[in-house]
Amino acid sequence: MTALTLDLSSVIRLTHEQFEQLALANRDLRLELTATGELVLMPPTGGTTGRRNSDLTTDITLWNRRSKLGVVFDSSTIFRLPNGAERSPDVAWVSLERWHALTLAEQDSFPPLCPDFVIELRSKSDRLRPLQAKLAEYQANGCRLGWLINVQDRQVEIYRSDREPETLDAPLTLSGEATLPDLTVATSGLW
């Protein structure tokens, strides 16, 4: 099953408040809202993807506990991007400075910012092009570093704020570079 996209533009243009109410009233659904107002219903992942995603979240969380540089979020967190999209990356990280600049109400809601770092992990039901567009959207909205992990093709696409995406074939490790200094993630459990 792939993501289902509903074009509601001929009926309604959901505001942030309406989308948040819809998402909170339907907690069993994984919802996103595109910048053009399309509602995206994402299917649940299988066990293998869930395990991989949990491992990646753990790697980033353990690094963050040592570095104390930011806040880590799992795939259930929705971020309100500057372009109006409401997105939920598989793993996200926001610097402490940017996180603390939000009000408590903003932190408790869908945070109105683009994460500094995101990971999107391609599950067997995901099509590649929409994920690439999602990473490009994060990049255009201020994300400094993004990893699109394409397990099926044994590739990782690295998205950086200052250049075109770079594709790595079955890398042994991934680096947090300057965004997440001293972070190294082994990829052996992904392939």
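Placing unit charges on the Cβ atoms only, positive for Lys and Arg and negative for Asp and Glu, gives the range 7-127 a dipole magnitude near 380 debye about its Cα centre.
Computed over all pairs of different Cα atoms, the Kirkwood value for the hydrodynamic radius of the range 1-56 is 12.6 Å. Considering the range 95-190 at the alpha-carbon level, its Rg and Dmax are found to be 14.4, 42 Å. Ranked by how many other Cβ atoms sit within 10 Å of their own Cβ, fewest first, the residues LYS68, LYS134 fall in the order LYS68, LYS134.
Most tightly packed first, judged by the mean number of other beta-carbon atoms within 10 Å of their residues, the peptides 21-29, 54-62, 125-133, 79-87 read 79-87, 54-62, 125-133, 21-29. Over all alpha-carbon pairs in the chain, figure out the percentage whose distance exceeds 23 Å. So the portion of pairs separated by more than 23 Å is 41 percent. Projecting the Cα atoms of VAL156, ASN141, THR58 onto the charge dipole of the range 46-186 (Cβ charges, centred on the Cα centre) puts THR58 farthest toward the positive pole. Sorted fewest first by neighbouring Cβ atoms within 10 angstrom, LEU69, LEU8 come out as LEU8, LEU69. Overall, the ratio between the Cα radius of gyration of the range 1-100 and 2.2 N^0.38 Å, rounded to two decimals, is 1.21.
Classification of the range 37-82 by its C-alpha gyration tensor yields an oblate form. The axis ratio a/c (a ≥ b ≥ c) is 1.5 or more, and b/c is at least a/b.
Dipole check for the range 73-117: with +1 at the C-beta of Lys and Arg, -1 at the C-beta of Asp and Glu, and the Cα centre as origin, the magnitude is about 120 Debye. Pairs of Cα atoms nearer than 8 Å and 6+ residues apart set the relative contact order; for the range 46-186 it is 16 percent.
Values quoted throughout were computed directly from the atomic coordinates according to the rules given, and no laboratory measurement underlies them. From a predicted model like this one, the values you see are computed outputs, not experimental measurements. Counting neighbours? That spans all protein chains shown, and the Cβs are built from the backbone with ideal geometry, glycine included.
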